[in-house]
Amino acid sequence: MRAAAGGRAVFHLQHLRPRPPCRASPAPATAVLPHSAPASRAYHRRLPKGFLPTLEPGVSAVYLCRRVHSTTCSVSLDGRLQGELDGAKGEVRKHETVGAFQKIPMVMPATDILMSAQRKSRNVPPTKGIANIAKRERNKGAKQLDALMKELSVPLRTYTENFPKRRDLHPYERSLIELTFGEGYYEQVLGRVDALRKRITSVGKQHASVCAKSTTKREAEERLAEGKKRLEEAFQHGQHAIDDLVNVAKALRSMPVVDLHIPTLCLVGSPNVGKSSLVRILSSGKPEVCSYPFTTRGILMGHIVSNHERFQVTDTPGLLTRHDDDRNNIERLTLAVLSYLPIAVLYVHDLSEDCGTSVADQYTTYKHMKERFGDRLWIDVISKCDLLGKKAPISFDDADEDVTQYRKFGPEGALRVSVQSEIGVKELKERVHQLLTSQMARIKADKAEHETQEAGVSVPWRS
Ligand SMILES: Nc1nc2c(ncn2[C@@H]2O[C@H](COP(=O)(O)OP(=O)(O)OP(=O)(O)O)[C@@H](O)[C@H]2O)c(=O)[nH]1
Ligand SMILES: [Mg+2]
């Protein structure tokens, strides 16, 4: 069931309504956290309950990041859609970039920050030339407390300043944050880190000032010890916020990176229809393939390299037949890809119903997706065609003539493919290549149009 090829996805921008994390999904999101190593378990220990891994199990985050690290680029989004997104806030940003998660700072674990701060502050000497013992001691105490306060608070300031603000992120990355951690969690963690920084600064200043007023050597020593104790207590009291930030940073850094300038093929369809099996034969991506729905619970990027051309392929979680408002966060990841990235769609239909979703339900979901994202370049694939016609014919009494047609032939122009029997695979690869080449042309045209607009030159054929 495994093979290789490559592809890319391009995304468009449409409305994706934010919702709090849904726990009524077919299985708890936390049940499929990537990797089972103890380190991995520790890493996820403090992630929020609604945490949803966007990285496929078994896929190396490091591999993905290293591979596409240099692909961060700027992209101009469709003006209307970007306007829709930003209009409400009165902000109009014409340029959006992806790749912010690969630039977030490394966060030191709280215990390391504390140990380093204690070591450095301990070695701070008094100002040279103070002959009076009491004055020298209080000078040293105040300086050491000031140093401890700074060593504890400066890293926290660096984090809060250098983690991207959600409003500055590409809409795709914004939705990844929301769907992965749950609404507001990211800001909440950064807020707690900032609150800790303020508390440390306040406690440190207060005790340094008290120490500086000591009248004897002994008093200065006692006030220094007391100040250190209070600072350490304040830090330890709030250090969970830093540990949470460590986990947020790790999760964000391991998210698959997409290059918006490379054509991307996005596989979409109901659960268990064979999307991941197709990703395996089309690209370098190796998503898990299993005989139950929602095997794929996150976004996975694979690549196709052919004749010096590079394409991206993204596997997505299956879509159930229901209203978008009722979708769980796993399904919403698929909508985020479709909504915000410039992708071409490969829609997978399983007319054998081996997937467990009826043909009628698959048709309903397909129609909805086609209405919503029909402006994308698109291929329909009927999967598992080795299973078609194997069962004794059953007469269906479809209420809708369109469903009857769909049951027999699938959507117009659909390709019949079987990964298992290798039927239609060559033709599929050719069609995918054509599609992605057309997508490349679209990307170039959009880029040229954007550059023309940037230069302030009117485009006569568009006016
Ligand atoms: N007979 C047959 N089975 C297939 C074919 N392609 C995939 N399958 C089987 O269908 C099941 C689902 O395949 P996946 O590729 O995991 O399907 P998916 O759409 O990615 O599933 P989710 O990620 O759960 O939405 C697996 O048991 C596959 O072995 C095919 O061409 N023929
Ligand atoms: Mg899958």
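What follows is calculated from the coordinates using simple rules that are stated; it is not laboratory data. Being a predicted model, the structure only gives us computed values, none of them experimental. Every residue, glycine as well, gets a Cβ built from its backbone with ideal geometry; the counts of neighbours run over all protein chains shown.
For the reader, a short list of remarks on this structure follows.
- Thr314 of a type outside the set (A, V, I, L, M), over 24 Å from Gln188 (Cβ atoms) and in contact with a Cys (Cβ under 6 Å, 6 or more places away or on another chain): yes
- Residue match in the range 232-246 (condition: in contact (Cβ under 8 Å) with a residue 40 or more places away in the chain and touching a Gly at 6+ places or on another chain (Cβ under 6 Å)): no
- The range 254-272, subset closer than 12 Å to Thr316 by Cα and of a type in the set (A, V, I, L, M), residue nearest to ligand 1 (Cβ to nearest atom): Leu267
- For the range 334-343, the candidate set comprises residues that are closer than 15 Å to Val257 by Cβ and touching a helix residue (DSSP H, G or I) at 6+ places or on another chain (Cβ under 6 Å); within that set, the residue that is surrounded by the most Cβ atoms within 10 Å (Cβ to Cβ) is Tyr340.
- Hits in the range 293-331 - residues which are within 10 Å of ligand 2 (Cβ to nearest atom) and free of Cβ contacts under 8 Å to residues at least 60 places away in the same chain: Thr295, Thr316, Pro317, Gly318
- Restricting attention to the range 110-134, the residues that are outside any helix (DSSP H, G or I) and loosely packed, with under 13 Cβ neighbours inside 10 Å total 7.
- Residue list for the range 396-428, filter: surrounded by 12 or more Cβ atoms within 10 Å (Cβ to Cβ), assigned to a helix (DSSP H, G or I) and within 15 Å of ligand 1 (Cβ to nearest atom): Val425, Glu427, Leu428
- Scanning the range 292-331 for residues that are surrounded by 21 or more Cβ atoms within 10 Å (Cβ to Cβ), near ligand 1 (Cβ under 9 Å from one of its atoms) and more than 24 Å from Leu377 (Cβ to Cβ) yields a total of 1.
- Among the residues examined, Gly374 qualifies as small (Gly, Ala, Ser) and under 22 Å from Tyr172 (Cβ atoms).
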